[in-house]
Structures are given as C-alpha cells and as structure tokens.
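I have placed the structure first, in the form of structure tokens, so that the comments after it can refer back to it.
Nothing in this text is a laboratory measurement; each read-out follows from the coordinates by a stated rule. Predicted, not measured: the structure shown is a model, and the values here were computed from it. When we count neighbours, we look across all protein chains shown, and the Cβ atoms used for this are built from the backbone with ideal geometry, even at glycine.
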Amino acid sequence: MALRTGQSLASSVAGQRTAEGRMGTAPGEVQQQWQQVRTLLRAELGDTAFGTWLKPLELVELAGDRVVLAVPTQFMRDWIVANYADRIRALWVRLNPGVRSVTLAVRPPGGEPAAPVAAAPAAPVVPLEPAAEASGEELGARLDPRLTFESFVVGKPNEFAVAAAEKVAMSATPPFNPLFLYGGVGLGKTHLMHAIGWRVRQRDPSRRVVYLTAEKFMYRFILALRSKDTIPFKELFRSVDLLMVDDLQFITGKDSTQEEFFHTFNALVERGRQIVISADRSPSDLDGLEERIRSRLSWGLVADIHPTTYELRLGILQTKAEASGVDVPLRVLEFLASRITSNVRELEGALNRIVLQANLTRQPVSIEMAQEILKDVLRAADRRITIEEIQKAVVEHYGLRMADMTSARRQRQVARPRQVAMYLAKLLTPRSLPEIGRRFGGRDHTTVMHAVRQIERLQAEDRQLAEDVEAIRRRLQA
Ligand code: ADP
Ligand code: MG
C-alpha cells in the first residue's frame, strides 16, 4: 500500500497529544479499528455493495476526533457521503468514543489527497445542476462517432445481439422493452448502444436519445436528492425517447436508487419509450438487485454477446487493419487472432501498437515484430494454457489415455497425437523445448523440436491432421 498512513498517523497522534492534551490513539490501534469497521460494514451490506463502494476506501489518518478516509474518485466520495458515511461513523464511535466525524478525501490512485470534505454529521452541499429542460446531451454522455453499426463486425457470437439492436434502432415503437444486452468485458455492449443511438438520431433527429452509465444515473439521483428537488427525478427523464443505461451491474445496494430506477423505467415504458440496458451478466445473475426489478428486466428481450471466436477476431482485425492504412500481412493477423483471445479491446490495443510501430519505424510488419512489441500481452495470454490442459485436450480428442502422453509407445496412433500435443505446447505456452520434453515423459529437447517441425510440415499436406490441430487449439483457447 503506497499510503503515507504511518507517517500521517504518527504526526497526527503527536499533534493530538500536544495540542489537545488528550490521550492519543496509537497508529496500530486506529488501523485495527478501521479493520473492524470494515468487517462490520461488510457483514451489514453484503459483498457486492461492500466490494463496489467500501473496499476501495483507505484510511489516511485519525486527526484529533476526525477520521480521514481516502476515495479514488469524486463520484465515489459523493456516493459514500450520501449513503454510508453515517454508518461508518456510528460503527467507529462504538469502537472509539473519541471519534466525532468521518471525512472523505478524493485521492486518485497514487496521487495526493485533495482537501477533505466533511462527510458526517453534515453532508457537503453540492452545486445544483439546472434540473429543468434537460436535453439528451445534458442528461447523458456524448455518443462516440466511431461506434456505429457500420464499424461493428458481425459474427456468430454477436449476430443475435446485433439483430436485436438494429431492430430497436429501426422501429418507431419499441419492438421489445427493454432490450437487455449482456456479455463479458470488451465484447461490444457499449459499441452497440452507441450504434443504436446514432441510427435513431440519423433516422429522426428530433428524437431524444440519452445514453449514460448506471453510475452516472445514480449520481444524477444523488444530486436530485441533495437539491431536495420537488420535481421527481423521473420527470427529468420524462421527455426522453430512447434511454440507454450502460453497465447496470453497478446499481446495487442502496434501495432508494433502485426504487427510483424502477419508477423511471416504468414511467418510460408506460409512455412507449424505448429502454436499452447493458450489464456484464444476465438479469437473473445480477445480485444485489430487487426481485421485481430483476423480473421486469426480463420482460423485454434478453440478448447475450458470446465470447469471440477465431473467425470473428480475424474479421475484426482485418477491418481495423484496413482502416489503419498500414499493410499488415494476413499471417500476422492470424497470429494475433489465435493468440489474443480474451476480448476485442485487447485485440484492438495489440493491433494499434503494431500499427504505431510500423508508422514510426517504416518497417514491414512481421510476426517477429508483433511478438517483440506484444511480449507482455502474449505472455499474459499464454499463462492461461498449461501443458497439462493441452495433453488432456489431445487425449480426449483422440480417445487416448493420459499415460500415452508420457509413455514410450511408438505406434503411430499414439505417437502422432503426442507430437500434436508437443507442437501445441510450443505454440501456446511460453515453455522451452527441454521443459516440454520433461513433461512428456522426460524426452529430449531434440525430440520436441522434431515433433514441432513434423506437425508444422504435415499440416500443409494432411488436411485431417490440420483440422484436428485446429479443433484442439480452438477448444483450448475458447
Ligand atoms: P463492452 O462495453 O462490452 O465492455 P465495448 O463496446 O467497449 O465493450 O468494446 C470494446 C472495444 O472493442 C471497442 O473499441 C469496440 O469498438 C470494439 N469492438 C467490440 N466488438 C466489436 C466488433 N464486433 N466489431 C468491431 N469492434 C468491436
Ligand atoms: Mg462497456
């Protein structure tokens, strides 16, 4: 922890003794109290809310009767002040009656804390935002011009979600409400929402499109609460034709926000306005969500985006490479598509680095160059596959036994699959030839090298073998 806690604690405790003549609390004790408070909070709030809001909090110091905690963002500070600060203080007072208040300072990771704001007992006043007549842009975030249907590559894993998104974008009245898009990180949820927004605006510029994250939605709600607005929060969103809320998994815990979200949601549905929601998991898997909201979310259409396949990754790379203006050979794209399998964001990042390097050095793009530039990314990707997993996959594919991978049997029906496994071990893991040899019954590194060359060569002439290798590789990288 890069915290100057020790130091600040020591100085504040010293300050306490001299300035106020009171018994100070030793730094270790304060840390201990903080640990206890955290444990109690976790038990009260549950893992989800605790993990989202309170886990990132760090103890800065106990200054006089004031506990100072650091949060990474302004948004989190406001949210914690509004929802949890009183509770933190109450729990702390029980452990240490000397504590009077808890304050929160915004400190970006690694940065200096900004001036702390008194959190409890009195909450700070946040400047009010004009509540009346909010246009789409004022309410939500800007749409990114790069994220359109035109720039979205369609493949098996996302075709259903894309069809649903296009349907919503092209319909005058909601074909299903809400459209609920879900899938893992970096698979295109945000991209599709922006694409819907652009298409709707393009077709009818008078329609009000609001896109915002669930975090932002909660933030607006807090502002509304603070301002003691007589106009209910949902009125703010009343005139919206299309409301898109991204990353709904962040609306958890606090009942009042969910309540408000539910009202807004219902008000819009009643008026026949379209709602699009995204989350990293399905409605039934979203924990910390009220049951009625969960079931309401499933009334419309739930469309999931599956993890990418090799074909889709290659398609995305080809499209993006073409747009970059740099000539990236197909085998380099194939190399990237087979090695970087986690998500599209990482894939894009890898290609961007290669394009940048090519532009800087004016050298042709090659696999060697890609390997050099992407060393870190590739290493991280490789860590996922172990030699044992490869052996298992090969054994299952060919209907053999694990012992066949390490045995000395030389019959073709055993030896060939064993070679395939060695080849895949070289291709998919960062292990050296001698290491691989050891894992295959203590074989010599020249045996492994021979296997790698053999399989490489045979793939070109033996289609069955090439298909087998590809099938096993796909399964391992799925
Ligand atoms: P998510 O919101 O699901 O985490 P994003 O929509 O932010 O993912 O996608 C991450 C990045 O990958 C974005 O730059 C997006 O444009 C790109 N991307 C994802 N899927 C595709 C696709 N099928 N075609 C083109 N680009 C894509
Ligand atoms: Mg997103």
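A few notes on this one:
- Segment Arg345..Lys156, full-extension length gain: 66.2 nm, with 0.36 nm per residue of separation and the alpha-carbon distance subtracted.
- For segment 387-477, size of Cβ-based charge dipole, Lys and Arg +1, Asp and Glu -1, in debye: 220 debye
- Each Lys and Arg Cβ is given +1 and each Asp and Glu Cβ -1; about its Cα centre, segment 358-436 then shows a dipole of about 320 debye.
- Proxy reagent accessibility, fewest Cβ within 10 Å first, across His191, His445: His445, His191
- Label sites at Arg100 and Asp86, each approximated as a point 7 angstrom past Cα along Cα to Cβ, lie 2.0 nm apart.
- Dipole of segment 133-215, positive end: most advanced residue of Ala163, Gly184, His194 [Cβ charges, Cα centre]: Ala163
- Calculated FRET efficiency, Glu44 to Phe262, Cβ-Cβ distance, R0 = 25 Å: about 0.60 to the nearest 0.05.
- Each of Asp65, Asp78 has some number of other Cβ atoms within 10 Å of its Cβ, and from fewest to most they run Asp65, Asp78.
- Largest first, the extents of the alpha carbon coordinates of segment 310-382 on the three principal axes equal 29, 24, 19 Å.
- 13 Å beta-carbon shell around Leu400, net charge (K/R +1, D/E -1): +3
- Fewest-first sequence of Leu347, Leu297 by Cβ atoms within 10 Å of each Cβ: Leu297, Leu347
- Cα-projected label distance for Asn352 with Glu29, points at 7 Å along beta-carbon direction, nm: 5.1 nm
- Spin-label model, Arg238/Asp280: points 7 Å from Cα along the beta carbon direction are separated by 3.7 nm.
- Using the Cβ-Cβ distance between Val185 and Ser227 with R0 set to 45 Å, the FRET efficiency works out to roughly 0.85.
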